[in-house]
Amino acid sequence: MIILLPRKKYYENTANTLIKQFNKRNIEAHYFEDINSAKEKILDIIEDGSTVSWGGSMTLEEINLIDDLKQGDYNLLDRSTVKSRKEVKEIYDKAMSCDYFLMSSNAITLDGKLVNIDGTGNRIAALIYGPKNVIIVAGMNKVVLDEDTAFKRVRNEAAPINAVRLNRNTPCSHTGKCADCLSDDCICCQMLVTRKSLIPNRIKVILIGEELGY
């Protein structure tokens, strides 16, 4: 008999609750205790020969999923391989019709809503419409009680940390607190709550029993 540590058991119980809520919202969801099991599932979902792209995500980097994709038989739309803004824009546009788009979520509410804030908007645009499948990979640290808590997390934790990571000169990057700014370096230009997928199982959420991303 395997006895889970309290935090792992808490993550598992919370994930089971979340999965039921996601199912009500036409969102497919799976929980994995460890990163390797989660990656096996993701790579099993993505068919060989598929066109795959992704949005900026520390979670994807931390689990080395992009490196795994580069070893597979996929057509990757990778903006890191180009230099000019024009080429980046072309990849953004092509990604809108890809087979699989990978991303994380800034926050996930306990009743199964996805809450995201974006700068350029390519990430949440793909989540809303375009790619045939969207795979969201998220550590259980992203799970919060409700929408209000989600926006507090996104604006006062995820956004300030990402602003520092991206060397953005925003008030939050200096104070650690959202100032509801309109600065030129603002990365909070769009705010999105995804409460349901109109197309059943187009959005697939992979929950991992680890603390990942911001």
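The values are calculated or read from the model by the stated rules, or taken from the named source; none is laboratory data. Fair warning: this is a prediction, and the values are worked out from it, not measured in the lab. Cβ atoms come from the backbone with ideal geometry, glycine included; neighbour counts cover every protein chain shown. Accessible surface is based on the protein model in full, side chains and every heavy atom, while ligands, DNA and RNA are left aside. Shrake-Rupley method; radii C 1.70, N 1.55, O 1.52, S 1.80 Å.
How much length, in nm to one decimal, is gained on full extension between residue 148 and residue 21, taken as 0.36 nm per residue of separation minus their Cα-Cα distance?
Contour length minus the Cα-Cα distance gives 43.9 nm.
Provide the per residue accessible area, probe 1.4 Å, for the chain, rounded to a whole number of square angstrom. Provide the component values of the computation, followed by the final result.
On the way: 11280 Å² over 214 residues.
The answer is 53 Å² per residue.
How big is the antiparallel share of DSSP beta bridges in the stretch 1-159, given as a percent to the nearest 5?
15
Would you calculate a helix-derived [θ] at 222 nm for the chain, using -39,500 (n - 2.57) for each DSSP H run of n ≥ 4 and dividing by the full residue count, to the nearest 500? Walk me through the numbers before you get to the answer.
Numbers: 9 runs with 78 residues, N = 214.
Roughly -10000 deg cm²/dmol at 222 nm, from the helical runs in the chain.
Given H placed on each backbone N at 1.01 Å, which residues far from residue 33 in sequence or on other chains put an amide H within less than 5 Å of it?
Here 209 satisfy the definition.
Order 22, 151, most accessible first, counting only protein heavy atoms with a 1.4 angstrom probe. Please list the in-between numbers first.
Numbers: 22 0, 151 50 Å².
Listed by decreasing accessible area, they come as 151, 22.
Ignoring ligands, DNA and RNA, please state the percent of accessible area on the chain from carbon and sulfur, probe 1.4 Å.
Carbon-and-sulfur percentage of accessible area, whole number: 49.
Let me make sure I get this right: for the stretch 5-53, a, b and c are the square roots of the gyration tensor eigenvalues over alpha carbons, sorted descending. Under 1.5 in a/c it's rounded, otherwise prolate if a/b > b/c, else oblate. Which is it? Before the final figure, lay out each step's value.
Details: a/c = 4.14, a/b = 1.50, b/c = 2.76.
Oblate.
Quote the accessible area belonging to residue 20 in square angstrom, nearest 10, computed with a 1.4 Å probe and with ligands, DNA and RNA left uncounted.
140
Return, for the Cα atoms of the chain, the radius of gyration and Dmax in Å, separated by a comma.
Looking at the chain, its Cα Rg and Dmax stand at 16.9, 56 Å.
Using only protein heavy atoms and a 1.4 Å probe, report how much of residue 17 is accessible, in Å² to the nearest 10.
60
Once the Cβ-Cβ distance between residue 156 and residue 110 is put in as r, and R0 is 25 Å, what FRET efficiency do you end up with, to the nearest 0.05?
Values: r = 19 Å, r/R0 = 0.76.
The formula returns an efficiency of 0.85 here.
Under 5 Å between amide hydrogens, which residues at least 5 positions from residue 102 or on another chain qualify, with H placed 1.01 Å from N in the peptide plane?
53, 54, 55, 135
May I have the convex hull volume per residue, in Å³, for the Cα set of the stretch 6-115?
Measuring per residue, one finds 120 Å³ for the Cα hull of the stretch 6-115.
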